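Colleague: One structure follows; several queries about it will come next.
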Amino acid sequence: MLSRSFFDRHPEDFFDFYRERMLAPDALPSKAHTALAKLEQMGKLTAVITQNIDGLHQKAGSQTVYELHGSTLRNYCMDCHAFYPLEFIQNSRGVPRCPVCQGIVKPDVVLYEEGLDDGTITAAVTALAESDLVIVGGTSLTVYPAAGLIGYRGGKLAVINKTATPADRMADLCLHQSVGEALTEALSSL
């Protein structure tokens, strides 16, 4: 249901599913989101690279966030490219249409069968290459191409995940625990 071909063939079904299952405007940032924002405010973190589409990093206060898979908070007309907020999709019925040109308003998220945004990938790779330390947290590292980005890191690698990942063996530090707990602990020692 989250593929581009399904979106194109069955837009009404796509939007029914999308509104019901993908939108969470009342969700709050976790301890991990908050800790990352705090590290950025302290000058210890230069960027967050995320596959999440919920905007919670920004809600927590992070400023430099590379959203590899886009965001549910942004939507655009496929014809005239006008942008619309989350509420536009939330409050629409059926297939949301642009009030300017009547084109379909598509969420600015990367669906299956779509490529990632070149500008976002380039910025993320640059941030990784210039890093002293890359913290990979809360991911199984099985979704590509995002999982392959750690190969561009310039410095050390820390992996924080409750379960083992394919990157554990190459990590300089590997913690099998909650990202929020690990980062909160780390912050208390700074």
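Colleague: Among the residues of segment 36-50, how many are closer than 20 Å to R153 by Cβ and buried (at least 17 other Cβ atoms within 10 Å of the Cβ)? Give the steps one after another, and end with the answer.
Modeller: Filtering segment 36-50 for residues closer than 20 Å to R153 by Cβ gives 36, 39-40, 43-50.
Next cut, buried (at least 17 other Cβ atoms within 10 Å of the Cβ) only: 36, 39-40, 45, 47-50.
Total satisfying the criteria: 8.
Colleague: Another one. Residue under question is V136, and the condition is that it be touching a Cys at 6+ places or on another chain (Cβ under 6 Å), within 22 Å of L68 (Cα to Cα) and crowded, with 18+ Cβ neighbours inside 10 Å; does it hold?
Modeller: no
Colleague: Looking only at segment 7-30, filter to residues that are touching a residue at least 24 places away in the same chain (Cβ under 8 Å), out of contact with any Leu (no Cβ under 7 Å at 6 or more places or on another chain) and part of a helix (DSSP H, G or I); which one of those is most open to solvent (accessible area, probe 1.4 Å)?
Modeller: Looking at residues that are touching a residue at least 24 places away in the same chain (Cβ under 8 Å), out of contact with any Leu (no Cβ under 7 Å at 6 or more places or on another chain) and part of a helix (DSSP H, G or I), I get E12.
Colleague: From the list L116, L128, which residue is surrounded by 12 or more Cβ atoms within 10 Å (Cβ to Cβ), of a type outside the set (F, W, Y) and either assigned to a loop (DSSP other than H, G, I, E, B) or more than 19 Å from the chain's Cα centre (by Cα) (or both)?
Modeller: Result: L116 is the single residue among L116, L128 that is surrounded by 12 or more Cβ atoms within 10 Å (Cβ to Cβ), of a type outside the set (F, W, Y) and either assigned to a loop (DSSP other than H, G, I, E, B) or more than 19 Å from the chain's Cα centre (by Cα) (or both).
Colleague: Right, next: Just name the residue that is least open to solvent (accessible area, probe 1.4 Å) out of those in segment 51-68 that are polar (S, T, N, Q) and either over 23 Å from D117 (Cα atoms) or assigned to a loop (DSSP other than H, G, I, E, B) (or both).
Modeller: In this case the residue turns out to be S62.
The values are calculated or read from the model by the stated rules, or taken from the named source; none is laboratory data. The model shown is predicted, which means the values in this text are computed figures rather than measured ones. Backbone-built Cβ (ideal geometry, glycine too); neighbour counts: all protein chains shown. The accessibility values were calculated without ligands, DNA or RNA, using every heavy atom of the protein model including side chains. Shrake-Rupley method; radii C 1.70, N 1.55, O 1.52, S 1.80 Å.
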